[in-house]
Amino acid sequence: MLPGCATAAELRSYAVTGDAIPQSLTGMAGDAARGRALVVERSSTCILCHNGPFPEQKFQGDLAPDLSGSGSRWSEGQLRLRLVDASRLNAETIMPSYYRVDGLTRVGTLWRGKPILSAEQIEDIVAYLASLRE
Amino acid sequence: MRFLGAIATALLVVGAVGAAEIPLAERRSGYSFMKPDTKTMQDDDTANPGMLWVLNGETLWNRKTSAADKACADCHGNARASMKGVAARYPAFDKATGRPIDLEQRINSCRTNHQQATPLPFESRELLSLTAFVARQSQGAPIETGADPQLAPFVAKGRELYMQRQGQLNLGCANCHDDNWDKRLAGAAITQGHPTGYPLYRLEWQSLGSLQRRLRACITGIRAQAHDYGAPELVELELYLMSRARGMAMEAPAVRP
């Protein structure tokens, strides 16, 4: 399924099955250690809203579910869709779509036409979240 | 803070309150989310850094300027009397342009039209000082902005902008300030976004700043294109926020983390 035509070239295509994207966006498995580093990095925005098993992080949000145990609640494919485009599952969600460039309004020039995260970054984060079993 | 007068005023305008607004009894200033030491800094004039701008503003108020050789005081006299309650009614309808203007723009229109001076740049020390000095004369007064029926279409525009999702993060103001104001964003309390204290001293800025500066920061925060200073959209947002805070007490110059 291709999001937006004009910019589709910049995003890799992916197929949604049920509430999941079963295939890796890059065709490869992500790196969980890099994924953890990304999740706690401010520019990824995750812990603005979420908290989780990051005892070294003083500033975490509480607008969203605790990420602990994500991997026991969701499959990799389900996590992937929640990162790529959570609004497909809940149109009202405040969770941003991390791999989407269409259907947005007044995006700042610095960010225009780019997804929040790259396909590689999504895969790293998916690998990390899937490793959170409790 | 003085709430009794505030409640009475709010009851008068209750007919105009929109559906999604926070009920008056639950409306809270950003002040109430702060730690005790930051509250003390705001409350104590000798500790409140915003008072430096207020004092500078008083000097500018009395200083003759430019071609017309007139000071603000030459037309308006003693600000303690003439400016009392004024900031609590801004943004206000400007007959000349047929649009709302905020307090900074009002001060600049006096400069150009009555003092024949050049307008002061947004966020300049002079403009912030004059605005802080004028706003200070409303400290404790209930916000009355939006009562003028000519403003209605602009309040509606501001509300639309407030509700609209935008930017790469695809969030609207209401997502944080109406729906999640009791929560924390990366450890920072999200408040209800009531503009009761502007211009205010933000510890993070190490300076006084205007409401437009705050709005541009929130807009950039959601990775949307910030409107230029003075843009109609920013003034409409200011207008909506002030009318949404009707009945709350003015605090300028406030302090925020």
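The values are calculated or read from the model by the stated rules, or taken from the named source; none is laboratory data. Model, not experiment: these values are computed from the prediction. Note that we place each Cβ from the backbone using ideal geometry, even for glycine, and neighbour counts take in every protein chain shown. Surface areas here come from the heavy atoms of the whole protein model, side chains and all, with no ligands, DNA or RNA. Shrake-Rupley method; radii C 1.70, N 1.55, O 1.52, S 1.80 Å.
Do we have any residue at all in the stretch B:189-212 that's away from every other protein chain (no Cβ under 12 Å), assigned to a helix (DSSP H, G or I) and open to solvent by less than 30 Å² (accessible area, probe 1.4 Å)?
Yes, there is a match, as at least one residue in the stretch B:189-212 is away from every other protein chain (no Cβ under 12 Å), assigned to a helix (DSSP H, G or I) and open to solvent by less than 30 Å² (accessible area, probe 1.4 Å).
Inside the stretch A:102-134, can you point out the residues that are more than 16 Å from A:Val84 (Cα to Cα) and without any contact (Cβ under 8 Å) to a residue 60 or more places away in the chain?
Hits for the stretch A:102-134 are A:Thr105, A:Arg106, A:Val107, A:Gly108, A:Thr109, A:Leu110, A:Trp111, A:Arg112.
Restricting attention to the stretch B:164-175, report how many residues are under 19 Å from the mean Cα position of the chain (by Cα) and open to solvent by 20 Å² or more (accessible area, probe 1.4 Å).
The total comes to 1.
Go through (1) without any contact (Cβ under 8 Å) to a residue 24 or more places away in the chain; (2) on the phi > 0 side of the Ramachandran plot; (3) open to solvent by less than 30 Å² (accessible area, probe 1.4 Å) and name the single condition A:Thr45 misses.
Looking at each condition in turn, A:Thr45 falls short on (1).
Return yes when A:Gly61 is more than 14 Å from the chain's Cα centre (by Cα) and open to solvent by less than 30 Å² (accessible area, probe 1.4 Å) and no when it is not.
Spelling it out, A:Gly61 is indeed more than 14 Å from the chain's Cα centre (by Cα) and open to solvent by less than 30 Å² (accessible area, probe 1.4 Å).
For the stretch A:31-89, which fully contained helices (runs of 4 or more DSSP H) count at least 2 residues that are farther than 21 Å from A:Ile21 by Cα?
A:32-40, A:46-49
Of all residues in the stretch B:217-239 being over 13 Å from B:Leu161 (Cβ atoms) and not polar (S, T, N, Q), which is nearest to the other protein chains (Cβ to nearest Cβ)?
Among them, the one singled out is B:Arg223.
Checking the structure you have, find out if any residue of the stretch B:186-195 is under 20 Å from A:Thr105 (Cα atoms) and at pLDDT 95 or above.
no
For the stretch B:218-229, indicate whether the set of residues that are open to solvent by 10 Å² or more (accessible area, probe 1.4 Å), among the aromatic types (Phe, Trp, Tyr) and in contact (Cβ under 8 Å) with a residue 24 or more places away in the chain is non-empty.
yes
For the condition modelled with pLDDT under 95, out of contact with any helix residue (DSSP H, G or I) (no Cβ under 8 Å at 6 or more places or on another chain) and either at negative phi or not acidic (Asp, Glu) (or both), what is the one hit in B:Gln139, B:Gln116?
From the options B:Gln139, B:Gln116, the qualifying one is B:Gln116.
Among what's in the stretch A:68-114 and is buried (at least 17 other Cβ atoms within 10 Å of the Cβ) and among the acidic types (Asp, Glu), pick the residue that is farthest from the other protein chains (Cβ to nearest Cβ).
A:Glu76
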